[in-house]
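Everything on this sheet refers to the single structure shown next.
We did not get these values from a lab; they are worked out from the coordinates using the rules stated. All figures in this text were calculated on a predicted structure; none of them were measured in a lab. Glycine gets a Cβ as well: all are built from the backbone with ideal geometry, and neighbour counts include every protein chain shown.
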Amino acid sequence: MRFISESSEERIPCYRVLDDDGQPFPDSSFVKVSEGVAIKMYNDMVTLQTMDTIFYEAQRQGRISFYLTTSGEEAINIASAAAIKNDDFVVPQYREPGVLLWRGFSMQEFANQCFGNKADYGKGRQMPIHYGSNKHNYFTVSSTIATQLPHAVGAAYALKMDRKDACAVTYFGDGGTSEGDFHAALNFSAVTEAPVIFICRNNGWAISTPISDQFRSDGAVVKGRAYGVRSIRVDGNDALAIYSAVHAAREMAIGEGRPILIEALTYRVGHHTTSDDSTKYRPVDEIEWWRTTQDPVTRFRKWIESNGWWNGDIESELRSSVRKQVILVSLTISKYGLLQLQH
Amino acid sequence: MWGIIRQKVAAGGGSPVARIRPVVSNLRNYSSAVKQMMVREALNSALDEEMSADPKVFLMGEEVGEYQGAYKISKGLLEKYGPERVLDTPITEAGFTGIGVGAAYYGLKPVVEFMTFNFSMQAIDHIINSAAKSNYMSSGQISVPIVFRGPNGAAAGVGAQHSHCYAAWYASVPGLKVLSPYSSEDARGLLKAAIRDPDPVVFLENELLYGESFPVSAEVLDSSFCLPIGKAKIEREGKDVTITAFSKIVGLSLKAAEILAKEGISAEVINLRSIRPLDRSTINASVRKTNRLVTVEEGFPQHGVGAEICASVIEESFGYLDAPVERIAGADVPMPYAANLERMAVPQVEDIVRAAKRACYRSVPMAAAA
């Protein structure tokens, strides 16, 4: 008689491509990214960072009522979006606007939704950051946690029945894995052999609840095997690792008709939302360490620089032009006015 | 464990956690007997006193411990009672509600907090099928002394999935008690009653009321203070029209009564306090006196609290009515986000005034001005 231990001797290893200086490890294998794609990835990560800064400030100034940032998770957002195709149906939680950005949602469209003005596709009915777009195949953000997981499985099943060359991709945090819907979704995806990619952004915190209070398993990745789902753990701050893993996952999901679970280890650098002050429950130096030394955007920049695709001048130019663009959008937003009720 | 250091940070980012302030600090100069207390503090002190008096009482929910409560209702409690009695739960309403009910089956007295009652929908099977019905289904052998509490109804600019009112939903279920406080006195007395009650109680608070202050007497501040479940309170006496309300709407109704008084209409405002059991005798006695009724609530109109009150009055006091019952409720749409739309979706003071005037046969325009 032998009981299976509650934990294994070693943690599941983490797939990584770039070291902290943005240089590939000597023995790492990864899916090659062309210069064009890499430059777009970097541009979008910088745009996402800038948009977060400006809109967060707008909330502090009282110009929008609510906002949440994706700080520290830019690589997960952009690199995963770059590795999938436009036909893949994306079902987000709420910390993945970068995927929509990659697919072509404009700064103006983001701002319209946050300000709830006349041009907002949601007609002022949704809280800020609840983006959604039919034409970008990005399902509207819903506040409820983890409900999108079974939705994604259902959508994936439909894609399979229609024999489309596409899969469903869904995102959630470490906290979301505690919800009953996580269990139902993973279980069903395996049983129905649905082409769905589950991307868990394990950023260490669910508002103030650290992962040690969330679960006692070795993160989220080990839960995949419990349901018969192939899984991988990835460095969430390494854009190339994310790109490779999602790329491979997509091929397996569609080619073999199976679900894949990807756990991306990262850190939520910002507060949960503008209604939170995370310095109340975690040390400021911990936040600063992740923000400065582990920044995924910086790490990727070092890689594209070492390839000769980028330099300091282009960097300053990009930063200032993106900042100008976002500020301009946020300042001119009032010209649209609020939608009035029509009788 | 896996080398994950649990960060125990003193709440407040370095400054010591504020202990529950002694109530003498709330002393106001103008009257020696009347102190002011915020609803948030009223709830906090009620929880504190009940936890102190009965070691079986414990609190569980998301962010109730280290974060001091998503709305700071449980401030200081983790530090005072420790992690065995103040539990920070993972994100699974279905999970922790089920666990709370199990603890109550065994004999503990859990107070389960939902960050808002919108999230209770994830757990509603446990609330209804595991908690509410058990006493009856076991013919009295199982008792479930549990309290489910949290903010309910509309806040400000939080959209459809954070603004739903569940009073009518829970109040339709036999086996549940449903309470909804307005003032700090209500908050203290009703929460204490709920915790002491041997049956499941749904306690519907309101986010916008947490920061409001109300006068409280020495009797209310005493730790033995308790309000009876099932009794409404007449907040303002009147003789021309009865207005029933609960939670935040009581405040709006009192403002409406002030406006009506200037126009010669004396309105009686009833603060229901208890949605289930509903204090039908107080409501009917009032209508028999005034002969006119306006029911007001924030929730959706169909199958709402007002509909039940109207039916009760028609069943018991039809002959006393001099005008059709007026029902004011939230608009029959998922709560929109944009501020101008939200304002139109929730009852305003003017809506209550207009309804009271209609009941009193004063001519008024039917529709709200845009």
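Structure above, values below:
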item	result
For residues of B:86-96, the mean tally of beta carbons on other chains within 10 Å	6
Per-residue average of Cβ from other chains inside 10 Å of A:279-286	5
Efficiency of FRET between A:Asp165 and B:Ala331 - r from beta-carbon atoms, R0 41 angstrom, step 0.05	0.40
Share antiparallel - DSSP beta bridges, the stretch B:200-345, percent rounded to 5	20 percent
Entries of B:Lys109/B:Lys248; A:Lys123/B:Lys72; A:Lys280/B:Lys177; B:Lys248/B:Lys289 with Cα pairs more than 31 Å apart	A:Lys123/B:Lys72; A:Lys280/B:Lys177
Sequence of B:Ile259, B:Ile146 once ranked by neighbouring C-beta atoms within 10 Å, starting from the fewest	B:Ile259, B:Ile146
Cβ-based charge dipole, the stretch B:233-360, positive-most Cα from B:Ala261, B:Ile243, B:Ala345	B:Ala261
Expected 222 nm ellipticity per residue - DSSP helices of 4 or more, -39500 (n - 2.57), all of chain A, to 500	-13500 deg cm²/dmol
Positive-end residue of A:Gly154, A:Tyr171, A:Ser212, charge dipole of chain A with Cβ unit charges	A:Gly154
Antiparallel bridge percentage (DSSP; both residues within chain A; nearest 5)	20 percent
For chain B: relative contact order, % (alpha-carbon pairs under 8 angstrom, 6 or more apart)	14 percent
Residues of type lysines that A:Lys160 reaches as a straight line, Cα spacing below 25 Å, ignoring anything fewer than 8 places off in the same chain	A:Lys85, A:Lys135, A:Lys223
Helical contribution to [θ] at 222 nm, DSSP H n ≥ 4, -39,500 (n - 2.57), averaged over chain B, rounded to 500	-9000 deg cm²/dmol
Relative packing of peptides B:333-342, B:131-140 - highest average C-beta neighbours within 10 Å first	B:333-342, B:131-140
Bridge type composition, chain B - antiparallel percent by DSSP, nearest 5	25 percent
B:Arg288, A:Arg258, B:Arg343, A:Arg163 arranged by Cβ crowding within 10 Å, fewest neighbours leading	A:Arg163, B:Arg343, B:Arg288, A:Arg258
Per-residue average of Cβ from other chains inside 10 Å of A:201-214	5
Likely footprinting exposure, B:Lys75, B:Lys289, fewest C-beta neighbours within 10 Å first	B:Lys289, B:Lys75
Lysines whose Cα lies under 25 Å from that of A:Lys302, excluding same-chain neighbours fewer than 8 positions away	A:Lys32, A:Lys40, A:Lys324
